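Colleague: Here you go, one structure.
The values are calculated or read from the model by the stated rules, or taken from the named source; none is laboratory data. Note that this is a predicted model, so its numbers are computed, not measured. For neighbour counting, all protein chains shown are included, and Cβ atoms are generated from backbone atoms with ideal geometry for every residue, glycine included.
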Amino acid sequence: MFHLATSELAHFLTAYGYGAVLLFVAIESMGIPFPGGTMLLIATTYAGITHRLSPPLVIVAAASGAILGDNLGYWIGREGGYRLLRRYGRYLRLDERKVKLGQYLFRKHGGKVIFFGCFIAVLPAWAAFLAGTNRMPWASFLLFKALGALLLFLPKHTGKLCVNGERSPFTFS
């Protein structure tokens, strides 16, 4: 399994700045287990303490990475997700019955699955791929993913932004 220590993440951040945040969040949002959230935490702390990064631009980089990763994950799921699940699903304990159940849930409750999935561990990383695999309309996916992500992101991450080494007065938590 791929592993990065926080010191290595900090090195990537100092070397590549906002691009590292965008890339790490995008990879995680595609459905690949990757430390995108950890990179975001390190970046916001680094921005507040060193002032070498702008906290609002860290947010823009993370949001851009999430949008890019979600759309790539959706596209991969739409183009080949069903074939991938049929072929390799058994390694994830996804048999044909579970795949069919997923299709039913997405057809019946796709918007709710995407929206509430933002708040359940592991599901946000897989949501885009599964939505594409189950042929959820892209516009619906984008709407519910954006609503869930905003509701999750704003209170959770803006409270971590620092100004002069202290929490910013304009944060929500």
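Colleague: When you look at GLU79, is it modelled with pLDDT of 75 or more and among the acidic types (Asp, Glu), yes or no? Quick ask: steps written out before the conclusion?
Modeller: Details: modelled with pLDDT of 75 or more: yes; among the acidic types (Asp, Glu): yes.
Considered against the rule, which asks whether it is modelled with pLDDT of 75 or more and among the acidic types (Asp, Glu), GLU79 comes out as yes.
Colleague: Continuing with this model, one more query. Checking GLY17 against (1) under 18 Å from the mean Cα position of the chain (by Cα); (2) buried (at least 18 other Cβ atoms within 10 Å of the Cβ), only one condition comes out false. Which one?
Modeller: For GLY17, the failing item is (1).
Colleague: Could you please tell me which pairs satisfy a Cβ distance under 9 Å, a separation of 6+ or placement on different chains, a first residue in the range 104-131 that is without any contact (Cβ under 8 Å) to a residue 40 or more places away in the chain and assigned to a helix (DSSP H, G or I), and a second residue that is of a type in the set (S, T, N, Q) and surrounded by fewer than 22 Cβ atoms within 10 Å (Cβ to Cβ)?
Modeller: Short answer, once both residue conditions are applied: GLY110/SER140; GLY111/SER140; ILE114/SER140.
Colleague: If PRO55 satisfies all but one of (1) crowded, with 23+ Cβ neighbours inside 10 Å; (2) touching a Gly at 6+ places or on another chain (Cβ under 8 Å); (3) more than 30 Å from ALA131 (Cβ to Cβ), what's the number of the condition it fails?
Modeller: Of the numbered conditions (1) crowded, with 23+ Cβ neighbours inside 10 Å; (2) touching a Gly at 6+ places or on another chain (Cβ under 8 Å); (3) more than 30 Å from ALA131 (Cβ to Cβ), the odd one out for PRO55 is (1).
Colleague: Can we say ILE67 is touching a residue at least 60 places away in the same chain (Cβ under 8 Å) and either part of a helix (DSSP H, G or I) or farther than 19 Å from LEU150 by Cα (or both)?
Modeller: Criteria not met by ILE67.
Colleague: When the range 21-49 is examined, which residues are found to be aliphatic (A, V, I, L, M) and touching a residue at least 60 places away in the same chain (Cβ under 8 Å)? Spell out how you get there, then give the answer.
Modeller: Start the filter on the range 21-49 by keeping residues that are aliphatic (A, V, I, L, M), which leaves 21-23, 25-27, 30, 32, 39-43, 47, 49.
The answer is MET30, ILE32, LEU40, LEU41, ALA47, ILE49.
Colleague: Identify, from the list ILE49, ILE32, the residue that is β-branched (Val, Ile, Thr), farther than 28 Å from LYS145 by Cα and either surrounded by fewer than 17 Cβ atoms within 10 Å (Cβ to Cβ) or touching a strand residue (DSSP E or B) at 6+ places or on another chain (Cβ under 9 Å) (or both). Talk me through it step by step, then tell me what you get.
Modeller: Details: ILE32 fails: farther than 28 Å from LYS145 by Cα.
Matching residue, one of ILE49, ILE32: ILE49.
Colleague: Here is a further query. What pairs come out if I take residues in the range 4-20 that are among the polar types (S, T, N, Q) and pair them with residues that are surrounded by 13 or more Cβ atoms within 10 Å (Cβ to Cβ) and assigned to a helix (DSSP H, G or I) whose C-beta lies under 7 Å away, six or more apart or interchain?
Modeller: From the range 4-20, the pairs are THR6/THR38; THR6/ILE42.
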